[in-house]
Amino acid sequence: MGERTRNQRMVRHYEHDELTYRINGAAYKVHTALGPGLFEKVYEKALCVEFERQSIHYEQQKRIRVMYEGVEVGEMIIDLVVEDSVIVELKAVKELLPIHEAQLIAYLQASGIKTGLLMNFNMKSLKHGIRHFSN
């Protein structure tokens, strides 16, 4: 690879880029139609409708067992798992906090899924409310 000029920006490539692109597109469509200010569950249901329209396979409210030294000690409930490859954690909050990121990272670790999207729909522009994680 040659040297990059000052005007070229570094672009990260993640596993499942094409799928996350489709997920983000669906989320932008939902956000454009509904705007900020609604409850998280409203965005989740609307996103599921959009996934179905675009033939994107998903599981909603997927339960993951939490294990400690071989013993089940609890469970986590993931908002959406898309194509068995990407976790989508939805929020409708004033701002994303480190605890929201930690929650998604815990989901990634417990599930064995490597790619996650944290989306905050309570933003004027959704592009400022999406964070991409790779475990």
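The values are calculated or read from the model by the stated rules, or taken from the named source; none is laboratory data. Bear in mind that the values here come from a model prediction, so they are computed numbers and not experimental data. We place every Cβ from the backbone using ideal geometry, glycine too, and count neighbours over all the protein chains shown.
Just one residue in the set Glu18, Glu3 is over 20 Å from Leu104 (Cβ atoms), assigned to a loop (DSSP other than H, G, I, E, B) and at pLDDT below 95; that residue is Glu3.
Filtering segment 23-63 to residues that are among the small types (Gly, Ala, Ser) and assigned to a helix (DSSP H, G or I) leaves Gly25, Ala26, Ala27, Ala33, Ala46. In segment 80-101, the residues that are within 20 Å of Leu19 (Cβ to Cβ) form Cβ pairs under 8 Å with partners that are of a type in the set (S, T, N, Q) and surrounded by fewer than 19 Cβ atoms within 10 Å (Cβ to Cβ), at six or more places apart or across chains, as follows: Leu80/Gln60; Val81/Ser111; Ile87/Ser111; Glu89/Gln103. For Ala33, the conditions (1) free of Cβ contacts under 8 Å to residues at least 40 places away in the same chain; (2) on the phi > 0 side of the Ramachandran plot are fulfilled apart from (2). Just one residue in the set Ser55, Ser85 is at pLDDT 95 or above, surrounded by 13 or more Cβ atoms within 10 Å (Cβ to Cβ) and either among the hydroxyl-bearing types (Ser, Thr, Tyr) or touching a Ser or Thr at 6+ places or on another chain (Cβ under 9 Å) (or both); that residue is Ser85. Only one of the listed residues (Ser111, Ser125) is among the hydroxyl-bearing types (Ser, Thr, Tyr), exposed (fewer than 15 other Cβ atoms within 10 Å of the Cβ) and more than 13 Å from the chain's Cα centre (by Cα). That residue is Ser125. What number of residues within segment 60-77 satisfy the criterion of being in contact with a Leu (Cβ under 9 Å, 6 or more places away or on another chain) and surrounded by 14 or more Cβ atoms within 10 Å (Cβ to Cβ)? The total comes to 2.
Tell me which of these Lys94 doesn't satisfy, since it passes every other one: (1) modelled with pLDDT under 95; (2) surrounded by fewer than 13 Cβ atoms within 10 Å (Cβ to Cβ). For Lys94, the failing item is (1).
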